[in-house]
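First comes the structure, then the notes that go with it.
The values are calculated or read from the model by the stated rules, or taken from the named source; none is laboratory data. Being a predicted model, the structure only gives us computed values, none of them experimental. In case anyone asks, the SASA skips ligands and DNA or RNA and just uses the protein heavy atoms, side chains included. Shrake-Rupley method; radii C 1.70, N 1.55, O 1.52, S 1.80 Å.
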Amino acid sequence: MTGHRALDRLMRCTMLLSWMPRQGDLVFQVAGGGDMSQAIVDATTNVDSLQFDHVAVFAGSRRNPFVVEASPEKGVVKTPWREFLNRSGGGV
């Protein structure tokens with residue numbers, strides 16, 4: 001890999017790691033893990049669409065990032081951003 005390509009790749013990775021949604025953004029996730037998740041994917045997927053089974057609202061800031069989301073077990077909850085990302089393998 002040339003120095004230019006390596007630098008370009010490093011810059012893109014850095015941008016992805018520092019990217020943060022803005023207040024009020026919807027963030028979609030493939031949470032998986034059950035019949036309800038599969039039913040949502042089945043009902044909302046077509047040939048050209050992205051698959052997701054969960055959505056949350058970003059309501060934090062860079063200093064205190066979190067989402068507001070609904071959970072079948074807990075109802076509507078405030079979840080730290082990192083915890084939300086970790087459930088989907090680091091991506092949304």
Tally time: how many residues in the range 64-76 are open to solvent by 50 Å² or more (accessible area, probe 1.4 Å) and modelled with pLDDT of 90 or more? 5
Restricting to the range 40-61, name every residue that is of a type outside the set (Asp, Glu) and modelled with pLDDT under 85. 40, 41, 43, 44, 45, 46, 47, 49, 50, 51, 52, 54
